[in-house]
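Student: Have a look at this one before I ask anything.
The values are calculated or read from the model by the stated rules, or taken from the named source; none is laboratory data. If you're wondering where the values come from, they're calculated on a predicted model, not measured in any experiment. No Cβ is skipped: glycine too gets one built from the backbone with ideal geometry, and neighbour counts run over all protein chains shown. For the accessible areas, the whole protein counts, side chains as well, though only heavy atoms, and no ligand, DNA or RNA atoms are used. Shrake-Rupley method; radii C 1.70, N 1.55, O 1.52, S 1.80 Å.
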Number of protein chains: 2
Amino acid sequence: MIRVVILGAGNIAQHLYTVFTKSEAIQVVQVYNRSQKALQSFTNVATTTRLKELRDADVYIIAVADDAIASVANKLPFTNRLVVHTSGSASMHVLHKKNRRGVFYPLQTFTKGKEVDFSQIPLCLEAREKTDFKVLQQLADAIGSPSYKISSEQRRALHVSAVFVNNFSNHLYRIAHEICEANNVPFQILHPLIQETAHKITTLTPYMAQTGPAKRGDQKTIDDHLEKLDKDIHKEIYTLLTQSIAKTYGREKL
Amino acid sequence: MIRVVILGAGNIAQHLYTVFTKSEAIQVVQVYNRSQKALQSFTNVATTTRLKELRDADVYIIAVADDAIASVANKLPFTNRLVVHTSGSASMHVLHKKNRRGVFYPLQTFTKGKEVDFSQIPLCLEAREKTDFKVLQQLADAIGSPSYKISSEQRRALHVSAVFVNNFSNHLYRIAHEICEANNVPFQILHPLIQETAHKITTLTPYMAQTGPAKRGDQKTIDDHLEKLDKDIHKEIYTLLTQSIAKTYGREKL
């Protein structure tokens, strides 16, 4: 049985709490949060707003905003225990060295209120001590998540990659939605294409999966598209991504 | 029974042939292609390389490269029959007016050899005559595809939208793949995030689904990401898309 204390009451804290309580190999001993209000959604578990009241546990998981991690870690009233954070961008070293440090980063986009399937969420694990790494691995196993040993530097690379595939792709969907609305076309017509595009790269590399006018070097279609776009920022994005694709496939002239 | 002649032997022609032959409401009378070689994969159907030998049918579907559509349509040795093309970007009017014109555009990305599920492929239909439109609708129904009445101008908007959600998203996946490789991280860690990002917009608008540093106005993370990126073109794309997201959410200063 792995005894866990969760520090924080936001999105990730809530999702971790929910999945941990389902596992027989994990006991959530306590949930801490600075303010009482956010703790109200944590039922059937001891809660506290005081770090001094933190109970004994095998792992302390700090799931708070990136810029609050160091401050929480500094104030912990104990030493030499396993303390991890859940951030994609913060280094393991923002945690105070008075404790044994690690990272337990679930690489996924969390939506408030929407239950998530942890068997589909890769966990990026890091720890200074081998035995601590094993504990984190057992924690990941207990909730059915695939886990990977990822250094802070690798995690940084993953985090920026995640911005490309998640934040930026979603923004491209948003632009398409705008174009559809401006032309009285239901955006849902594009849903299957969006799904298939995302699905395709599970069997082909993105390099192999690429199609379209930029890859073909089809200047006529590119000109037609640019003419069709109303907003300058859409034209700029179209042009830059087209150039980048063209370059990738050796079509320097586009 | 709708009698169909397919003109062309490429990707779309093959996928249409495969799905049409599965429907009892459709009879593929003949497949035409300029060269004999590409016709070899069409078995159990009459084929020809001569337009003069084209048989009688209810619909002639021209599924050839965009810049060849007009030339094939011009050379058809008959008049006043229903002739459609399958292009997302070509206007209906590239078809010669000696015949009744229409468009039968499947909005999806086709991969050679990979069977496609037409129940997941929206068909964008256009026709000058109401009765012709109905025939195209019946054709879509017979293969289980949702269909939409889409004008040439709307189809143009959809086509450029498709470039954003398909070609450009895929290129963002490619960039993430590059970053992962440069940092010895397996790209597959990002697969679930890519799927979830695509899935999310079926229940939330992309506007609502947006997350990330650009939306939050988190300049520290943005600077950290830009520092982590090695290639200038990646930095440029990161900067432009970040600006566009920031603008969308009223954060003009980023």
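Student: Going through segment B:42-69 one residue at a time, which ones are loosely packed, with under 12 Cβ neighbours inside 10 Å and either outside the structural domain of B:His96 (by TED's automatic domain parsing) or polar (S, T, N, Q) (or both)?
Tutor: B:Thr43, B:Asn44
Student: Any chance you could count how many residues in segment A:183-198 are facing chain B (nearest Cβ under 7 Å), assigned to a helix (DSSP H, G or I) and either more than 12 Å from B:Val165 (Cα to Cα) or open to solvent by less than 50 Å² (accessible area, probe 1.4 Å) (or both)?
Tutor: Of the residues in that region, 9 qualify.
Student: Just to verify a result, which residue in segment B:14-41, among those that are aliphatic (A, V, I, L, M) and touching a residue at least 60 places away in the same chain (Cβ under 8 Å), is surrounded by the most Cβ atoms within 10 Å (Cβ to Cβ)? Quick ask: steps written out before the conclusion?
Tutor: Going through segment B:14-41, the residues aliphatic (A, V, I, L, M) turn out to be B:16, B:19, B:25-26, B:28-29, B:31, B:38-39.
Then keep just the ones that are touching a residue at least 60 places away in the same chain (Cβ under 8 Å); that gives B:16, B:19, B:25-26.
On the way: B:Leu16: 25, B:Val19: 21, B:Ala25: 12, B:Ile26: 21.
Among those residues, the one meeting the criterion is B:Leu16.
Student: Pairs, please: C-beta under 6 Å, at least 6 apart or cross-chain, first residue part of a loop (DSSP other than H, G, I, E, B) and in segment B:93-116, second open to solvent by less than 10 Å² (accessible area, probe 1.4 Å) and not hydrophobic (A, V, I, L, M, F, W, C)?
Tutor: B:Leu107/B:Pro122
Student: Now, a different point. I need the full set of residues from segment B:214-227 which are touching a residue at least 12 places away in the same chain (Cβ under 8 Å) and not aliphatic (A, V, I, L, M), in order please.
Tutor: Within segment B:214-227, the subset touching a residue at least 12 places away in the same chain (Cβ under 8 Å) is B:214-215, B:217, B:219, B:222, B:225-226.
Correct list: B:Lys215, B:Gly217, B:Gln219, B:His225.
Student: Then there is this: Among (1) in contact with a Leu (Cβ under 9 Å, 6 or more places away or on another chain); (2) facing chain B (nearest Cβ under 7 Å); (3) over 27 Å from B:Ser147 (Cβ atoms); (4) of a type outside the set (Phe, Trp, Tyr), there is one condition A:Ala176 misses while meeting the rest; what is its number?
Tutor: It fails just one condition, (3).
Residue by residue, here is whether (1) over 25 Å from A:His225 (Cα atoms); (2) modelled with pLDDT of 95 or more; (3) not charged (D, E, K, R) holds:
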position: B:Asn170; (1), (2), (3): no, yes, yes
position: B:Arg174; (1), (2), (3): no, yes, no
position: B:Glu181; (1), (2), (3): yes, yes, no
position: B:Asn184; (1), (2), (3): yes, yes, yes
position: B:Ile194; (1), (2), (3): yes, yes, yes
position: B:Ala198; (1), (2), (3): no, yes, yes
position: B:Thr203; (1), (2), (3): yes, no, yes
position: B:Tyr207; (1), (2), (3): no, yes, yes
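Student: Looking at segment B:94-108, which of the residues that are open to solvent by 10 Å² or more (accessible area, probe 1.4 Å) and within 14 Å of chain A (Cβ to nearest Cβ) is farthest from A:His199 (Cα to Cα)?
Tutor: Taking the candidates together, the pick is B:Val94.
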